[in-house]
1. Looking at segment 936-951, can you tell me whether even one residue there is more than 26 Å from ASN868 (Cα to Cα) and touching a Phe, Trp or Tyr at 6+ places or on another chain (Cβ under 8 Å)?
2. Does segment 576-584 contain at least one residue that is under 24 Å from the mean Cα position of the chain (by Cα), within 28 Å of HIS644 (Cα to Cα) and either surrounded by 16 or more Cβ atoms within 10 Å (Cβ to Cβ) or not assigned by TED's automatic domain parsing to the domain that holds PHE484 (or both)?
3. If I filter segment 1135-1153 for residues that are at pLDDT 75 or above and in a helix (DSSP H, G or I), do I get at least one hit?
4. Quick check, is SER207 buried (at least 16 other Cβ atoms within 10 Å of the Cβ), closer than 20 Å to ASP175 by Cα and not acidic (Asp, Glu)?
5. Tell me whether segment 535-557 contains one or more residues that are at pLDDT 90 or above, under 33 Å from the mean Cα position of the chain (by Cα) and buried (at least 19 other Cβ atoms within 10 Å of the Cβ).
6. Scanning for something in a loop (DSSP other than H, G, I, E, B), under 29 Å from SER316 (Cβ atoms), of a type outside the set (A, V, I, L, M) and under 22 Å from the mean Cα position of the chain (by Cα), does segment 604-620 turn up at least one residue?
7. Tell me, which residue of segment 389-415 that is buried (at least 19 other Cβ atoms within 10 Å of the Cβ) and under 37 Å from the mean Cα position of the chain (by Cα) is modelled with the highest pLDDT?
8. Could you tell me how many of the residues in segment 646-666 are part of a loop (DSSP other than H, G, I, E, B), modelled with pLDDT of 90 or more, surrounded by fewer than 23 Cβ atoms within 10 Å (Cβ to Cβ) and not hydroxyl-bearing (Ser, Thr, Tyr)?
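The values are calculated or read from the model by the stated rules, or taken from the named source; none is laboratory data. Worth saying up front: this structure is predicted, and the values here are computed from it rather than measured. Here the Cβ positions follow ideal geometry from the backbone for every residue, glycine too, while neighbour counts run over all protein chains shown.
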Amino acid sequence: MLLSGVDDKPLMITTPMFTPTPSNKQGFSFPSITTDFDNPEFFLVSRPMAEELQDVSTYLSEFRPSKIVTPFKGTSIAISKDKSRFFFGSREGRVGVAKIETKETILEIDLKEGTIWAIALCENDRILFSGGRGGLIRKLSTADMSQVAVLEGHNDEVNVIAISNDEKTLYSAGDDGQVIMWDIMEISPKPNLLVKHSGMICGMDLSKDNKYLASSSSSGVVSVYDLTEHKEIFREKNINNNAFWTVKITQNNTWLVLGDSEGFLLIYSFGTWELIKNIKAHEDIIRSIVCTADEKKVVTGSYDTKLKLWDLDWDSEPIVFQGHTELVKALLLSDDSKTIYSLSDDCSIQMWKIPPYKNNSILSEEKTENRPLYVGSQNRSTLYTFGNKQLGKYCHEKKYAIEYKNLELPSLVITLLNPVKDEFVFIEMKENEICYYYYYNSSSLKISDYSVTFVNPVTNEITRTGTLSLYNVCSAIFSHDGKFLIIGESRRCSIFLAETLEKFHSFLSHKEEIKHLTLSLNGIYLFASDTQNIIKCLNIINRTEVKGIKDIEAGDIEKMVVSRDNEFLVVLHKGSIANVWSISRMIKISQISLEGVKDIYYPSNADYMFCLYDFSIKAINFPTFITCFEITLPYKVEYFAFSHDFTEIYIKHLDGLTSWTNPLSANKFLSFGHPTSVVKFFQYLGKLASSRDDIYDPQYNNCVLEPFHINMMHLYAYFNKISSLTQCIQENCPFLISKSGYTPLDICLQSNNDLGITLLYSKVKQETLKNPMFLSILENSITRICTSLSDKAYKFLDLSLSSSIDSTLTRYRHSNIPLPLFLYSPTLFCDKTLFSDLSTVSTEGETLQFFQTYFKLNMNPGSNDSINFVKALISTENETVFMSDFIKIILEEKWKKIRSVLYIQSLLYLIYLIAISCYSTFEGMFLLILSFVLNVILILYEFKQAISSGSDYFSDIWNYFDLLRLILATLMFITDIISGNVYSEIIIALVLLISWMRGIAYFRVFKATRYYINLIYEVVLDIFPFLMIVFYSTLAFSFIFERVFRGTSDQVPDYFYYLSVSWELNLGTFSSSDYTTLMYLAFILHAVLNPIIMLNLLISVMSNTFERVNSQVEVADNKELAKMILEAELVYAWNRDNVEKEYFFMIKGVEIEEIQDNTLAQVRNIKRKVGDMNRSQNMISDSINGLLESIDEMKVTQTRGLEQQEMIIESQRNLENILQEMLSATKSK
């Protein structure tokens, strides 16, 4: 009988991109994962994109749902030692064997005693013991399921069987309440009663070391029997007063785990018998329990159809496995504790790969008041909270119980924690001077004394106190290094040395109270905002005010943070709007809606801003300003804080304190963002990785897989799920750059997935229109774009150089600096001093345009990035990339940086040519030595090129000329100096020929002659087939002439004479005075075929070559330029590891034609919009007219209705009159 699987189709790990993966048969298999995702060191090694994605694909495919549908309702299950067979017992009373690989029941027998409740294997799977409703324990041969022996001793059904490690002893328990030991080495084993329960025994377990036997019964009693001491060492009644259904002793006898009839899970400390946990785990009977080998996890299976995985550290919520539709009866755990096998009444055996779920841990379940959270220098060991003059410390040694200490402080204080050392600072605030509500009407302010108290949170002692003379206290922060204490007052921002409270400087920069402060991460700039939303940028080092801005559009300011690169200032307003300002320009460049946000934080180790919401944390990437991932939370959050090393995020909520792994710092495989269970998410990923079906689930769009930092868009692109990729793009799935630097676009580019590239181009273009800085995602993709065969490659390159968003740049100029002007800057906004001659503000003059890349380029000659980029250009088959203005500009800029290398080489070669030519004419020792020295220099240069470029060196035909020249020149020197060989004249001639031919290539260095060199090269390639035909015909006529001309001369010339005659005829050299008739005939045939037909054919070939070269002159020119750039860059070996990147800027004037074209385009756009408005207006008018007609019809209908209503009322009155008359008549009678 065949066991039907979930899907009869063979499934494949779908990797159509890089290397096809052999298909895997879908069914029930035991995973064998080659990638060690559980080892943090695995992620320390950088891997190529294809290899990394293949590893992820292989890993995820193991999570695909897998089950065997059986023809029985199973009750018990065992697996063979070689993991090839399942043995089962069933409600129907059958015992059988199923082959896992083929899903086939290979043996089955009905024991005819009713339900089989228990089975156990021994003797290398040759013997199977079974027990069930008949009360007998049968010993069966697994070869044919024939009965070998019967063990009689129980008076009722046998529920559990266990066999010792040495396979000498069997233990059984059943409905008769007895735990019996059998010596199965005897021919007729006798029952030996060990433990007696008052109710039926449903659960029994033998410890791994075979020292203890635990049993549990329906009477709610658990017993532990010591098999070495032969006595019961523990017996206790269930405190829940429920029946026990299962019991388990963990691997090293650390815990005793029980499940009862009401779904409670009880954990006892083995030996001390202290009840550690008693929790409601399921909604129904817990029928089976298994424990992992490391004793850290417990899996429970219940009649509520669910499996749950519990962490015995009790610092996380259980993981729920849902898939069965009926009671779960039995569980097995793989040897590596990574896979669960479950047997259910729904006639199925299911495999559950345990997903990586440990992305958070519960630190404390102690409920606290709504108080802020502070993180000290020791992270988890130094967590604090403060409120109502109470300083609370989470004691990690006491399971994070909070210990409070009352402090003698003023009633109102600002609380700060020194970021460098664990020291709290409490700055007094006075009740009538709360900065959020108090405003000064007077121009003069009084100075008052404010107390400052320093407290050691470890000892809760006040270490020192001080007094500051201030206008008032509205806000305060520490500098990042803990050196300065910065206080915002009314109109003034004062900076004090934290150690001595000595004043460092005061900025009288505001007219109102300074209520918010923040520092740039480099500690140079201080940003202070007041009640009028005036923000001042203050330079602490220079003690100067830099600039001020007014941010009033979005309401009152709530908080300010600075990006990691000190490029952006983010101003959060109470209306949940965040304005992003450029720090260098102090201009607003973006606005982000953060509806419902409670707090924001920008860590110093990543380009992400974390936003706290009631039930989630979202991460926004800078400078794309898109939400890249989120952490969904099962509770309402009050506060969050980051550890000092940014590896953890601490979340304080009403029910306690939780620590989450920071996704950006994860060092093992984890997932974040899935709103449902982690099991369902990984099952979805398993289906995606192992199925050809294009399945899409939008709820996982904001999920991220760490530490690879990839999301669903990466996976859809990799698995070539075009439909899913389309939908996730439409639903704004985040566009992520992975930790290794690749994007979904890179995946599609490498696989030449044209549909995917087209979709992503539309996405990039759409996002770029909203925010040009979105183009930063192309930083690592440019090389792949250049090698792509897609027609969108050219369009991506055109997007690369976009208009600058810097509104502070002047748009006109009066200087005579030649344009275009190209600049580089490490910051997103170019320093104006780099083009100071153009920075004068003017409203007239030549119109300027500013363009820039929004991603950084490595333009350092000889760097690996630069070389790989140029190699990509040389090797690309998509020649349209050379038509891109961006590529043209970059090549020209690279050429300017390295052309001196080629110029020097050209000069050396020119001197060499002069020396070798003079030597061939004048023969002087000095000239010979000079030419040889120059030859040696050129040899060394060629060796350097060969070493640097490897096998690519031999792809350039000019390098063969170099090698041949070097060999012949060296040979010439040896023969002339040492031996004086007679063949030296021939060698010198060959050296001259090769040297002058190689010299042609140096004309490529000059733009004016580069075209002709390319033309010559193409002509030589195209003329080669033509010359083959000419030589063929010339050779043929040489034989004809040799036969025809024979005997016409007294002298008998050799064959080569006739060959030369045939060749000279091609060139028009001949003498026909002595020709006979036959000779004339041969001559005419030769003249028609070679000089006339071949000459015209040659002209046609040359013409076609000329036209083709002219049509591709720009492509060929740029490609040749790229080859020369690569040759020169290989010289810069010292720059190989240079990874410095800069933004690229271009300033150019606007041509009159461009202005006219833009104006015409704008006029056309206006006309189009006017036309659209007219059409809309007509549509609205038509709609209004339709509504008016409908109203008129309603009025007519209403009038008719009223008339009908009046008729009905009149009829009713007549009827009433008739009835009244009839009533009167009746009464009178």
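1. No: segment 936-951 contains no residue that is more than 26 Å from ASN868 (Cα to Cα) and touching a Phe, Trp or Tyr at 6+ places or on another chain (Cβ under 8 Å).
2. The answer is no; no qualifying residue exists.
3. The answer is yes, given that some residue of segment 1135-1153 is at pLDDT 75 or above and in a helix (DSSP H, G or I).
4. no
5. no
6. Checking segment 604-620: at least one residue is in a loop (DSSP other than H, G, I, E, B), under 29 Å from SER316 (Cβ atoms), of a type outside the set (A, V, I, L, M) and under 22 Å from the mean Cα position of the chain (by Cα).
7. Per the stated criteria, the residue is TYR394.
8. 1
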